[in-house]
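See below for the structure under consideration.
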Amino acid sequence: MNTTNEPLHLKTEQFRFTGSPESGPFSISDFPTKIDDLYESKEHYETLLSDLTSELNDLQEKMYAHNRYGLVTIFQAMDAAGKDSTIQHVFSGVNPLGLRVHSFKRPTDQELDHDFLWRNLIKLPERGTIGIFNRSYYEEVLVVKVHPEILTKTQRLPEERTADLDKVWKQRYKDICHFETYLNRNGFPVLKFFLHVSKKEQGDRLIDRIEDPSKNWKFDDQDVVERGFWKQYMQAYEDAINATATKKAPWYVIPADDKKNMRLIVAKILVEELKTLKIEYPKVNKRQQKSLQDLLEVIKKE
């Protein structure tokens, strides 16, 4: 646990899975949904998060000025795991000019008329900005894998393309890996977060949404329906992470039973990842320096 006068000391590699041969296959049961508190009090938590978001803002500003890299962040989780609040709190101190936030719901008719990557492709961030995907193309190997009837009844793939479902998932995993490799090669690394909440904690949060009138608007009957497929979803996540985790596009499996811990861990990882990019403020040459000094004198004389 950190003292109130120190920054957050945390080894984030414990949450990272890259799919390397040394690490072995990913097993969702090996990753906890809760860890010891990283903070001593609410005030300590707020101080730690404020420091991290301030650092995140500075790094994003430098990336914006450098204008060579962008960052794609993906948040996946079961319902009520805290995706919205994590995005809200972690990025609260970042200049909105450098953020692009997109929440992907059930595909629209227009989106269904395209390939499964299309709706994410058109929302990719520009260089210098952070793209935040609240859910993503991974829904196509999570929700759709748990409910494969979506392929034939809702999506508009040719029948011969969906005759072998195992082949469909393998192809989609491969397409996702190729897509993320392509993005990284073009200066857009992909950072993927799975907010790992326990079934019990999810149940408690759903109950709270029903019992607290101020949270009724958050409740969706479908959340309870999908909860009945918990085991299938956990297997789908395990399969997807095993198939798509790479050194350049790792998965971070974040304990989500405590929201404060979760936000601190996510913020810390974002800061560390941005620090790996070779970004810097543009250098000003002598002629530009002279021009700036002349303009400074003009302003001072006003």
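The values are calculated or read from the model by the stated rules, or taken from the named source; none is laboratory data. Given the structure is predicted, the values throughout are model-derived calculations rather than measurements. All Cβ positions, even for glycine, are placed from backbone atoms using ideal geometry, and neighbour counts span all protein chains on display.
Tabulated data
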{"item": "Qualifying residue in region 283-296 (condition: in a loop (DSSP other than H, G, I, E, B) and in contact with a Ser or Thr (Cβ under 8 Å, 6 or more places away or on another chain))", "result": "no"}
{"item": "Cβ pairs under 6 Å, 6+ apart, first in region 14-31 and in contact (Cβ under 8 Å) with a residue 12 or more places away in the chain, second assigned to a loop (DSSP other than H, G, I, E, B) and surrounded by 11 or more Cβ atoms within 10 Å (Cβ to Cβ)", "result": "Arg16/Pro250; Phe17/Phe26; Phe17/Ala245; Thr18/Ala245; Thr18/Pro250; Gly19/Ala245; Gly19/Thr246"}
{"item": "Residue check for Gln202: crowded, with 16+ Cβ neighbours inside 10 Å, of a type in the set (S, T, N, Q), in a helix (DSSP H, G or I) and more than 15 Å from the chain's Cα centre (by Cα)", "result": "yes"}
{"item": "The one condition in (1) more than 28 Å from Pro255 (Cβ to Cβ); (2) charged (D, E, K, R); (3) part of a helix (DSSP H, G or I) that Asp58 fails to fulfil", "result": "(1)"}
{"item": "Residue among Arg106, Arg68 that is basic (Lys, Arg) and without any contact (Cβ under 8 Å) to a residue 12 or more places away in the chain", "result": "Arg106"}
{"item": "Any hit, region 102-123, residues being at pLDDT 95 or above and within 22 Å of Leu264 (Cβ to Cβ)", "result": "no"}
{"item": "Output for region 117-139, where each listed residue is part of a loop (DSSP other than H, G, I, E, B) and either of a type in the set (D, E, K, R) or touching a Lys or Arg at 6+ places or on another chain (Cβ under 7 Å) (or both)", "result": "Lys123, Pro125, Glu126, Arg127, Thr129, Arg135"}
{"item": "Selection status of Lys247, within 17 Å of the chain's Cα centre (by Cα) and surrounded by fewer than 14 Cβ atoms within 10 Å (Cβ to Cβ)", "result": "yes"}
{"item": "Qualifying position, being among the β-branched types (Val, Ile, Thr), over 19 Å from Ala267 (Cβ atoms) and either modelled with pLDDT of 95 or more or within 19 Å of the chain's Cα centre (by Cα) (or both), among Thr18, Thr73", "result": "Thr18"}
{"item": "Only listed residue being farther than 27 Å from Arg205 by Cβ and assigned to a strand (DSSP E or B), chosen from Val72, Val101", "result": "Val72"}
{"item": "Region 217-244, subset more than 15 Å from Glu140 (Cα to Cα) and charged (D, E, K, R), residue surrounded by the fewest Cβ atoms within 10 Å (Cβ to Cβ)", "result": "Asp221"}
{"item": "Residue check for Phe188: in contact (Cβ under 8 Å) with a residue 24 or more places away in the chain, crowded, with 16+ Cβ neighbours inside 10 Å, more than 17 Å from Ala77 (Cβ to Cβ) and in contact with a strand residue (DSSP E or B) (Cβ under 9 Å, 6 or more places away or on another chain)", "result": "yes"}
{"item": "One residue from Val143, Val168 being under 21 Å from the mean Cα position of the chain (by Cα), surrounded by 13 or more Cβ atoms within 10 Å (Cβ to Cβ) and more than 30 Å from Leu277 (Cα to Cα)", "result": "Val143"}
{"item": "Search result, residues across region 148-169 that are outside any helix (DSSP H, G or I), of a type outside the set (Val, Ile, Thr) and either touching a residue at least 12 places away in the same chain (Cβ under 8 Å) or under 17 Å from Phe194 (Cα atoms) (or both)", "result": "Pro148, Gln155, Arg156"}
{"item": "Lone unmet requirement of (1) touching a residue at least 40 places away in the same chain (Cβ under 8 Å); (2) out of contact with any helix residue (DSSP H, G or I) (no Cβ under 9 Å at 6 or more places or on another chain) for Gln232", "result": "(2)"}
